[in-house]
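K.L.:
Here's a structure for you.
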Amino acid sequence: MDEKSKLENVQTSKDKNILDLIKKIKDMDSNEKKIQQALEEMKISLNNEEKADFKTFWEIKNLCLELFKEPVNSSIRSLLWKEYLEISNEAKRIKNIMFQQMDFEIEQIDLAISSIENDISNYDDILSNLKDIEIDFNSKTLSSKKTFYLEIQKELNLLNTIVVRINSLRKEIIKIQMRISNKNKFLQRLSVAGDFIFPKRKELIESLSDEFSKAVEDFEKKFNLDKTPFHVLRDEVRSLQNAAKNLNINSQSYMNTRLNLSKCWDKIKAAESNYKKEREASRGTIEAALVKIAALRAMCEANPEDKNIEKEEKEIFNFIKTLNLKPEDVKFLKHKVNEAKDPIFEKKLNEKKEKIKKASDQENIKNEKIEKVKDSIINLLSNAQLTLEEIYLEKGNIEQDLNNLNPAVLDKISLKKYLRQLDHLVEDKKEIDNNNNLMDLESLHKIFDVKKQRKVNIRNYLEGLNKELSGSNFDFEKAMAFRDLIDFEKQKLSDIENSIEELEEKISHLESN
């Protein structure tokens, strides 16, 4: 039945009730009682629990006016007329409020329908922006088409949401009081929206249902307890049942799924029952094996290094082979044997942890010593008052400390830079001493030769560093540290080249004079 037919049926039922009410009033024996009853019914129609029933009110009011024309006691008539006017004024007040409320409700309904229409217009964009849904898909039967099920169900979730909104609005439109023309317009707009949503939803449900039913039927046909353990098949049946609840399949598919899976479930229950009987029969032999395993655990706990442990373990495995057990029982007993050897594994684990801790402690001590060496070099570099002999002595002590430490690669690179700074400090000290003691032209030539040789030495050292860097397999951090060392040497090379140029100018000036 469509919305228009529903509205017509509601209207027909209401008209019949009004006619019955009018007949009831007219059948009373006096005009006073008729008017009093009419006024009472007018009040009731205005004080309706949901909304004022103005149709009934106007019909009874018209009847009441006719009754006032009939002979009535003048004093009583005056009181009844006054009450009639009060009720009429109250009706006008309620009507104004209702019109305001009705306008608001119509506006809200219009907005709600417009929202649905807008969602339908932008349906593809909304669907593409939806987050992927999550459904517990542990079923191996459905895994090959997992993407298909999730994508279809995601779209159905969107359609279901719109369907709920459409149906809720239909009920709301039918329930609220407004002009029939407005109701028909709203219902027509919802009908147009439904023409897009419902066929698409039906098509997707059928597609999903057909694919799911086919998958379950294939599972039921391939169901074989001889090839697959019953507990694996039991988990698969449960996974398919959960999928049937979470997926939007039709009632026919759901019914077929239940029937097919029920057949499988009955077979699983029978297999499980047989397994329990067999397990009960083999309980004695399993218990005997568990006693031996308990003795093995006691041996491991008493002395994890006992040489007889391995022999005892082999005897237990040989004993298990003589028993007529199912594969899962054998697996269970092997697991218990491994558990019995936990004290051995714990001892080895503790030894490993202790070894790692010891190595870590040693590494920390070594790192502290390396940092002390770095601090010694930095202090030496910053102490300008030391003589060349004192620097040589301190440098020798530092190199001796480094030989005993065997630092890591990154630390070696870092220390190499500090040591090079120390080497350059020694060379700078030598040059300063020579400049202070020798200022004639011959001495300047000697200083010039020393500087040129130092330039050659730095350049050769730089070439060695570049070759070492290109041939190494340093990670990013080590490579950056090595680059820092190279940049330092480049700066020193630049400094010595500038120093040589200055010295050349000085020599040239002296020779020209």
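K.L.:
Can you name every residue in the range 294-336 that is free of Cβ contacts under 8 Å to residues at least 40 places away in the same chain and among the aliphatic types (A, V, I, L, M)?
P.N.:
Selection gives Ala295, Ala298, Met299, Ala302, Ile309, Ile316, Ile320, Val330.
K.L.:
Looking only at the range 129-141, decide whether some residue is open to solvent by less than 40 Å² (accessible area, probe 1.4 Å) and either farther than 30 Å from Leu233 by Cβ or touching a Ser or Thr at 6+ places or on another chain (Cβ under 6 Å) (or both).
P.N.:
Yes; the residues of the range 129-141 include at least one that is open to solvent by less than 40 Å² (accessible area, probe 1.4 Å) and either farther than 30 Å from Leu233 by Cβ or touching a Ser or Thr at 6+ places or on another chain (Cβ under 6 Å) (or both).
K.L.:
Take Asn383 and decide whether it is surrounded by 11 or more Cβ atoms within 10 Å (Cβ to Cβ), under 13 Å from Asp401 (Cα atoms) and not hydrophobic (A, V, I, L, M, F, W, C).
P.N.:
The answer is no for Asn383.
K.L.:
Looking at this structure, is Asp103 surrounded by 13 or more Cβ atoms within 10 Å (Cβ to Cβ) and either within 30 Å of Phe196 (Cβ to Cβ) or touching a residue at least 60 places away in the same chain (Cβ under 8 Å) (or both)?
P.N.:
Considered against the rule, which asks whether it is surrounded by 13 or more Cβ atoms within 10 Å (Cβ to Cβ) and either within 30 Å of Phe196 (Cβ to Cβ) or touching a residue at least 60 places away in the same chain (Cβ under 8 Å) (or both), Asp103 comes out as no.
K.L.:
How about the range 171-219: which of its residues are among the aliphatic types (A, V, I, L, M) and under 15 Å from Ile116 (Cβ atoms)? Give the derivation first.
P.N.:
To start, the set of residues in the range 171-219 that are among the aliphatic types (A, V, I, L, M) comprises 173-174, 176, 178, 180, 187, 190, 192-193, 197, 204-205, 208, 215-216.
If the condition is that a residue be among the aliphatic types (A, V, I, L, M) and under 15 Å from Ile116 (Cβ atoms), then Ile173, Leu187, Leu190, Val192, Ala193, Ile197 are the ones that fit.
K.L.:
So which of Ala295, Ala289 ends up being at pLDDT 85 or above, over 30 Å from Glu217 (Cβ atoms) and surrounded by 11 or more Cβ atoms within 10 Å (Cβ to Cβ)?
P.N.:
Ala295
K.L.:
Assess whether Lys276 counts as being open to solvent by 100 Å² or more (accessible area, probe 1.4 Å), without any contact (Cβ under 8 Å) to a residue 12 or more places away in the chain and assigned to a helix (DSSP H, G or I). Talk me through it step by step, then tell me what you get.
P.N.:
Numbers: open to solvent by 100 Å² or more (accessible area, probe 1.4 Å): yes; without any contact (Cβ under 8 Å) to a residue 12 or more places away in the chain: yes; assigned to a helix (DSSP H, G or I): yes.
Criteria met by Lys276.
K.L.:
Looking at (1) at pLDDT 85 or above; (2) open to solvent by less than 70 Å² (accessible area, probe 1.4 Å); (3) assigned to a helix (DSSP H, G or I); (4) more than 30 Å from Ala340 (Cβ to Cβ), which is the one condition that is false for Leu259?
P.N.:
Condition (2) is where Leu259 drops out.
K.L.:
If you take the residues of the range 106-150 that are in contact (Cβ under 8 Å) with a residue 60 or more places away in the chain and among the charged types (D, E, K, R), which of them is nearest to Asn182 (Cα to Cα)?
P.N.:
Asp110
K.L.:
Looking only at the range 388-412, count how many residues are more than 27 Å from Glu431 (Cβ to Cβ) and surrounded by 13 or more Cβ atoms within 10 Å (Cβ to Cβ).
P.N.:
8
A quick yes/no check of all residues on (1) at pLDDT below 80; (2) within 30 Å of Asn303 (Cβ to Cβ):
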{"residue": "Thr322", "(1), (2)": "no, yes"}
{"residue": "Glu339", "(1), (2)": "no, yes"}
{"residue": "Lys347", "(1), (2)": "yes, yes"}
{"residue": "Glu368", "(1), (2)": "no, no"}
{"residue": "Gln385", "(1), (2)": "yes, no"}
{"residue": "Glu394", "(1), (2)": "yes, no"}
{"residue": "Asn397", "(1), (2)": "yes, no"}
{"residue": "Asn406", "(1), (2)": "yes, no"}
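K.L.:
Within the range 487-511, how many residues are among the small types (Gly, Ala, Ser) and open to solvent by 90 Å² or more (accessible area, probe 1.4 Å)? Spell out how you get there, then give the answer.
P.N.:
In the first step, residues of the range 487-511 are kept if they are among the small types (Gly, Ala, Ser); the result is 494, 499, 508.
Going one step further and asking which of them are open to solvent by 90 Å² or more (accessible area, probe 1.4 Å), we end up with none.
Adding up the residues that qualify gives 0.
The values are calculated or read from the model by the stated rules, or taken from the named source; none is laboratory data. None of the values given here were measured: they were computed from a predicted structure. When we count neighbours, we look across all protein chains shown, and the Cβ atoms used for this are built from the backbone with ideal geometry, even at glycine. SASA here: full protein model, heavy atoms, side chains in, ligands and nucleic acids out. Shrake-Rupley method; radii C 1.70, N 1.55, O 1.52, S 1.80 Å.
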